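Contents: one structure, followed by commentary.
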Amino acid sequence: MMRQEGRIGRHRQSGSSTFAIFAYIVTGWVLLTALLRVLPIYMEHQTSKSLLEDTVASYQPARDRTAVVKESLERGFTVNRISHLAASDVKIQRARDSLTLSADYEVRFSLIGPLQGVWHFDSLTVSSPAGTGD
């Protein structure tokens, strides 16, 4: 009988294993799903912020009252299809020549199955400098 020299039956594996490829795919899927769930909420928050800034910029202290400001916010929320924030959730503070709008709200959303996420927005405050009204 001939005896074979060297390592028979042992091969060095190169590249990724099936399990590693599967783990990469699952991780990518989870990250993509989370991004697709969170991105619309972030975009709606940015639209809300822009709407509050536009309302403050168009504020005229001599003419606009709190009801007019609230009505303007309601119209903007309806036109922009903002569903996570209502005009009643916005705190309106009027001073002699300035307006401050602030909102503190949170959004609950489903990530994957029963796993839920909560995004709390507590720093949405927009103010007009005093003396800028007509």
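The set of residues in the range 46-64 that are exposed (fewer than 11 other Cβ atoms within 10 Å of the Cβ) and over 23 Å from the mean Cα position of the chain (by Cα) comprises Ala62, Arg63.
Against the definition (among the β-branched types (Val, Ile, Thr) and touching a residue at least 24 places away in the same chain (Cβ under 8 Å)), how does Val68 come out, yes or no?
no
Of everything in the range 13-55 that is of a type in the set (S, T, N, Q), modelled with pLDDT of 90 or more and in contact with a Leu (Cβ under 8 Å, 6 or more places away or on another chain), the residue that is farthest from Ser98 (Cα to Cα) is Ser48. Scanning the range 59-115 for residues being β-branched (Val, Ile, Thr) and assigned to a strand (DSSP E or B) gives a total of 5.
Look at the range 105-124: where a residue is without any contact (Cβ under 8 Å) to a residue 40 or more places away in the chain and closer than 15 Å to Ala34 by Cβ and a partner is of a type in the set (Gly, Ala, Ser) and surrounded by 10 or more Cβ atoms within 10 Å (Cβ to Cβ), sitting 6+ places away or on another chain with Cβ atoms under 6 Å, you get Gln116/Ser110.
The values are calculated or read from the model by the stated rules, or taken from the named source; none is laboratory data. These numbers come from a predicted model, not from an experiment. Backbone-built Cβ (ideal geometry, glycine too); neighbour counts: all protein chains shown.
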